[in-house]
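Below: the structure, in structure tokens.
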Amino acid sequence: MRIELEVWRQDGPRERGRFEAHVVDDATPEMSLLELLDRLNDQLVEGGQEPIQFESDCREGACGACGVTVNDVPHGPVPRTPSCRQHLRSFGAVTRLRIEPLRSAAFPVVRDLVVDRTALDRLIRAGGHVDVMTGTAPDADAVLVTHDDAEVALDFAACIGCGACVAACPNGAAHLFAGAKLAHLALVPHGRLERGRRAVAVVDALEAEFGPCSTYGECVEVCPAGIPLTAVAAVHRERLRSVFRGRAD
Amino acid sequence: MVQDMTALREGQRTRATAPFPSTFALKLVMAVTGVIFIAFVFVHMIGNLKVYGGPASLDSYAQWLREVGYPLIPHKGVLWALRVTLLVSLVAHVGASVILWARGRRARGRFRRRRSSGVTAWAARTMLLGGVLILGFLVIHLLDLTIGRAVAPGAYQPADADGTIHAYTNLVASFSRPWMAAVYVVWMLVIAVHIWHGWRTMAQDLGATGHRLRAVWATLGALIALAIVLGNALIPILVQLGVIA
């Protein structure tokens, strides 16, 4: 398979970026997007050039480290799939790929395809965690969680924090990410103890670095964890709840 | 490289404070004023249905609007209270939307995606343009049938000294012009798209997370948008067809 690539090259955060054209002649259908980049890097190194920098870790869709924009779609043409799980066999007739970093003002480019996503970490630091002393493990059945609550909490906890939702959003909003965290922690016993405080802290952090949500729904289309748009409503539900309740829990 | 990264982090630390007024508050303002507008447009549509009862029915309704509550409330008291509420809501709705739009642009940064997915994203993208169009149509509508200047029909009759209103005559005179009838039909379609997406976003902004609530909400929104379009846009069409004359 012959794949023509246009890849974003940028030497540093303050440098100007540009697209560079490359061709990989020996690509195979079972290659993932990242393996295609690996192959291209081998080629570049053999030719004495600098390899293209990109992030990856588990390469099985669990870690959220990878993420590039392919032909204008964060993660790539296969919907709701991380870059590492996007395989050339699923691209159909598409053999020209334009690969860029995840684009958002909150994600400055570090180099080539690597972006700084610590804005998401700052949001987690602000309130996306459990901050109460949990003590020793309780007796079985001492703290009851319904099966439904557990399932829904787990569905929202599935977020891998890749940041594709932010890159997909025409407003640069991170409501899907923040909402998944808020909805998840509001349903579990320890998280529930600081629901109000968390909602205020997370929404403040969210608004400090990200845009407003206008229900474009673009985030849902690229989310590899399948977080639903309901997560966005959860941001406002939790924040409104804290307004009416006026307490930390 | 290391220096660049340090500068990057420091740069980010300085802007990490929530803006004022908060995006959350602005979104609530949009949602609440949106409810007011949808309620108004819906009630206005019901009033418009009086046109099917003939001239006396519509004109007496228009007159009632000016006298409702009298003598407890002065003449035109309710009408002006509604007008002021709508005007304040309009300023708040437009003001909030401009601030939110600017924040969205800033947060997106300089790279814009050209590809978008589906009808929801399309409706969202049209919101700003739709809002501007609706406002433009509103000016035409007020000049045409409330104030009676500029785009008003040549046969426009202002209210008589004794308070008799010629709403029906003016409406038929205005809608008899094909271009004006078309303007109203297009206006209603634009409003329908704006309401449909606004209604959806409202559920998000007011924190509706339940499955059933969201399903009921979506159905209700579609019905309201449909009722407003059919109820209103049929009138100019029927005037053109000669059914209302």
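The longest part of chain B holding none of the exposed loop trypsin sites (Lys or Arg not before Pro), meaning those outside H, G, I, E and B in DSSP with at most 12 other Cβ atoms within 10 Å, is B:150-245. Please say if the range A:1-85 is rounded, prolate or oblate, where rounded means a/c under 1.5 for a ≥ b ≥ c the square roots of the C-alpha gyration tensor eigenvalues, and otherwise the choice is prolate for a/b larger than b/c and oblate otherwise? Since a/c reaches 1.5 but b/c is at least a/b, the shape of the range A:1-85 is classed as oblate. For the chain pair A and B, the buried solvent-accessible surface (1.4 Å probe, both sides summed) amounts to about 4000 Å². Loop-resident GluC sites (Glu not before Pro) (DSSP state other than H, G, I, E or B) in the range A:147-249 with no more than 15 further Cβ atoms inside 10 Å of their Cβ are absent. Simple rule: put +1 on each Lys or Arg Cβ and -1 on each Asp or Glu Cβ in the range B:22-241, find the dipole, and look at B:Leu65, B:Gly77, B:Met202; the Cα lying farthest toward the positive end is B:Met202.
The angle between the Cα long axis of helix A:195-209 and the main principal axis of chain A comes to about 30°, on a 0 to 90 degree scale. Membrane-span-like helices in chain B, defined purely by DSSP H runs whose alpha carbon atoms cover 24 Å or more axially and whose average Kyte-Doolittle hydropathy reaches 0.5, are B:23-48, B:77-108, B:118-141, B:178-205, B:211-241.
For chain B, the dipole from Cβ point charges (+1 on Lys and Arg, -1 on Asp and Glu) about the Cα centre works out to 1560 debye, to the nearest 20.
Within the accessible area of the range A:117-245, the carbon and sulfur atoms contribute 55%, probe 1.4 Å, all protein chains present. The charge dipole of the protein assembly as shown, taken about the Cα centre with unit charges on the Cβ atoms of Lys, Arg (+1) and Asp, Glu (-1), comes to about 1440 debye, rounded to the nearest 20.
Residues of the range B:105-142 buried by at least 50 Å² of accessible area upon assembly of all protein chains, compared with the chain on its own (1.4 Å probe): B:Ala107, B:Arg108, B:Phe111, B:Arg113, B:Arg114, B:Arg115, B:Ser117. Only the Cβ atoms of Lys and Arg (+1) and of Asp and Glu (-1) were treated as charged; on that basis the dipole of chain A about its Cα centre amounts to roughly 920 debye. Each 20 Å bin, from zero up to the one with the longest distance, holds this percent of the alpha carbon pairs of the protein assembly as shown: 20, 43, 27, 9, 0. Size check on the range A:156-249: the Cα extents along the three principal axes, sorted descending, read 34, 24, 17 Å. In loop segments of the range A:25-74 as defined by DSSP, the GluC sites (Glu not before Pro) with at most 14 further C-beta atoms inside 10 Å of their C-beta are A:Glu30, A:Glu60. Of all aspartates and glutamates in the structure, the ones whose alpha carbon falls short of 15 Å from that of A:Lys181, not counting any fewer than 8 places away in one chain, are A:Asp121, A:Asp131, A:Asp149, A:Glu151, A:Asp155, A:Glu194, A:Asp204, A:Glu238.
Based on protein heavy atoms only, the range B:22-241 ends up with 54 Å² per residue of surface accessible to a 1.4 Å probe. At a probe radius of 1.4 angstrom, the accessible area of the range A:117-245 per residue rounds to 40 square angstrom. Since only A:Ile124, A:Phe156, A:Leu187 are under comparison, the one whose Cα sits farthest along the positive direction of the charge dipole of the range A:94-240, derived from C-beta charges on Lys, Arg, Asp and Glu, is A:Ile124. Between A:Ala248 and A:Glu46, the distance separating the two model label sites (each 7 Å from Cα on the Cα→Cβ line) works out to 6.2 nm. Between the range A:75-141 and the range B:73-125, the C-alpha centres lie 31 angstrom from each other.
The values are calculated or read from the model by the stated rules, or taken from the named source; none is laboratory data. What you see is a predicted model, and the numbers here were worked out from it, not measured in a lab. All Cβ positions, even for glycine, are placed from backbone atoms using ideal geometry, and neighbour counts span all protein chains on display. To get the accessible areas, we keep the full protein, side chains included, count just its heavy atoms, and leave off ligands, DNA and RNA. Shrake-Rupley method; radii C 1.70, N 1.55, O 1.52, S 1.80 Å.
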